[in-house]
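Trainee: For reference, the structure I am asking about is given below.
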Amino acid sequence: MNLIFLGAPGAGKGTQAERICKHLGIVSISTGNIIREALRNGTELGKKAKSYMDAGKLVPDEIVIDIIRERLKQDDCKNGFILDGFPRTVPQAEALDKMGVVIDKVIEIYVSDEKIMERMSGRRVCEICGASYHVEFKPPKNGVTCDYDGGKLVRRKDDEPETVKERLRVYHEQTEPLKDYYEKQGKLYIVEGQDKISDTTRYTIEVLES
Ligand code: AMP
């Protein structure tokens, strides 16, 4: 199954993508994580993306389209994948269609802007692997460091309140039109993001099995 997870920053796409991937035995591909890894490794891609990302803006289409084109060629995508955070603009969605990638379902995880602002203040990521946590809703097992590698948990620079506001503005302006794009293809499903992570997962699985 090839899926796209849409939703505002902080709606829980990454968390749900991880859980649904385990359930379905497919891979999750996050352009945000790929870019953050490039930043940590100081690669050319990381250098090009940094200023956009820090300002809460989108990285130019051609850069992320190249990332996805290369990533989807890898063997682990053969059984299916979830695209988490791609496409984020209509030209990105058109590029995916032109690549001949067949998408089965597009799931929008809907959370209001007010709730997003609340949630983002508690979000933390692992400094080493980028795994995502929340101080209240998804704390690490030992309450302090990353479950996978013991890395320090830090706030993403782009999770500062002013940057989150800008990311929401960009989401409404550039990414929301994708709902129409996929609605017209008959592929759009909306899941209301719940306070409890496992509830959102349950509703998402119901939609996938429908
Ligand atoms: P995310 O982790 O998905 O919230 O992405 C973090 C940041 O990475 C975004 O605010 C953008 O600057 C950049 N980014 C990730 N995916 C894309 C995309 N598909 N198109 C453009 N920029 C992206």
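Residues checked against (1) at pLDDT 90 or above; (2) among the polar types (S, T, N, Q); (3) within 23 Å of Glu37 (Cβ to Cβ); (4) open to solvent by less than 70 Å² (accessible area, probe 1.4 Å):
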residue: Cys126; (1), (2), (3), (4): yes, no, yes, yes
residue: Asn142; (1), (2), (3), (4): yes, yes, no, no
residue: Cys146; (1), (2), (3), (4): yes, no, yes, yes
residue: Gly150; (1), (2), (3), (4): yes, no, yes, yes
residue: Arg155; (1), (2), (3), (4): yes, no, yes, no
residue: Leu168; (1), (2), (3), (4): yes, no, no, yes
residue: Tyr171; (1), (2), (3), (4): yes, no, yes, yes
residue: Glu176; (1), (2), (3), (4): yes, no, no, yes
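Trainee: Looking only at segment 102-123, decide whether some residue is surrounded by 16 or more Cβ atoms within 10 Å (Cβ to Cβ) and within 9 Å of the ligand (Cβ to nearest atom).
Mentor: No, there is no match, as no residue in segment 102-123 is surrounded by 16 or more Cβ atoms within 10 Å (Cβ to Cβ) and within 9 Å of the ligand (Cβ to nearest atom).
Trainee: Oh, and also: Can you tell me which residues in segment 179-194 are of a type in the set (A, V, I, L, M) and buried (at least 17 other Cβ atoms within 10 Å of the Cβ)?
Mentor: Just the residues of segment 179-194 that are of a type in the set (A, V, I, L, M), to begin with: 188, 190-191.
Across segment 179-194, the qualifying residues are Leu188, Val191.
Trainee: Hey, can you tell me all the residues within segment 163-193 that are over 17 Å from the mean Cα position of the chain (by Cα) and in a loop (DSSP other than H, G, I, E, B)?
Mentor: Residues satisfying the conditions are Gln185, Gly186, Lys187.
For (1) part of a loop (DSSP other than H, G, I, E, B); (2) among the small types (Gly, Ala, Ser); (3) within 10 Å of the ligand (Cβ to nearest atom); (4) at pLDDT 95 or above, each residue gets a yes or a no:
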{"residue": "Ile4", "(1), (2), (3), (4)": "no, no, no, yes"}
{"residue": "Thr15", "(1), (2), (3), (4)": "no, no, no, no"}
{"residue": "Glu18", "(1), (2), (3), (4)": "no, no, no, no"}
{"residue": "His23", "(1), (2), (3), (4)": "no, no, no, no"}
{"residue": "Ile29", "(1), (2), (3), (4)": "no, no, no, yes"}
{"residue": "Asn33", "(1), (2), (3), (4)": "no, no, yes, no"}
{"residue": "Glu37", "(1), (2), (3), (4)": "no, no, no, no"}
{"residue": "Arg40", "(1), (2), (3), (4)": "no, no, no, no"}
{"residue": "Ala49", "(1), (2), (3), (4)": "no, yes, yes, no"}
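Trainee: Look at Leu58 and say whether it is surrounded by fewer than 22 Cβ atoms within 10 Å (Cβ to Cβ), within 13 Å of the ligand (Cβ to nearest atom), within 18 Å of Lys179 (Cβ to Cβ) and over 15 Å from the mean Cα position of the chain (by Cα). If you could, list the steps in order and put the result at the bottom.
Mentor: On the way: surrounded by fewer than 22 Cβ atoms within 10 Å (Cβ to Cβ): yes; within 13 Å of the ligand (Cβ to nearest atom): yes; within 18 Å of Lys179 (Cβ to Cβ): yes; over 15 Å from the mean Cα position of the chain (by Cα): no.
Against the criterion (surrounded by fewer than 22 Cβ atoms within 10 Å (Cβ to Cβ), within 13 Å of the ligand (Cβ to nearest atom), within 18 Å of Lys179 (Cβ to Cβ) and over 15 Å from the mean Cα position of the chain (by Cα)), Leu58 does not qualify.
Trainee: Look at Val207 and say whether it is in contact with a Ser or Thr (Cβ under 8 Å, 6 or more places away or on another chain) and either modelled with pLDDT of 95 or more or not in a helix (DSSP H, G or I) (or both).
Mentor: no
Trainee: Follow-up question, since we're still on this one. Considering only residues of segment 41-55 that are surrounded by fewer than 18 Cβ atoms within 10 Å (Cβ to Cβ) and in contact (Cβ under 8 Å) with a residue 24 or more places away in the chain, which is nearest to Ile128 (Cα to Cα)?
Mentor: Here the residue is Asp54.
The values are calculated or read from the model by the stated rules, or taken from the named source; none is laboratory data. This is a predicted model, so every value here is computed, not measured. Positions of Cβ are backbone-derived with ideal geometry, glycine not excepted, and every protein chain shown enters the neighbour counts. Surface areas here come from the heavy atoms of the whole protein model, side chains and all, with no ligands, DNA or RNA. Shrake-Rupley method; radii C 1.70, N 1.55, O 1.52, S 1.80 Å.
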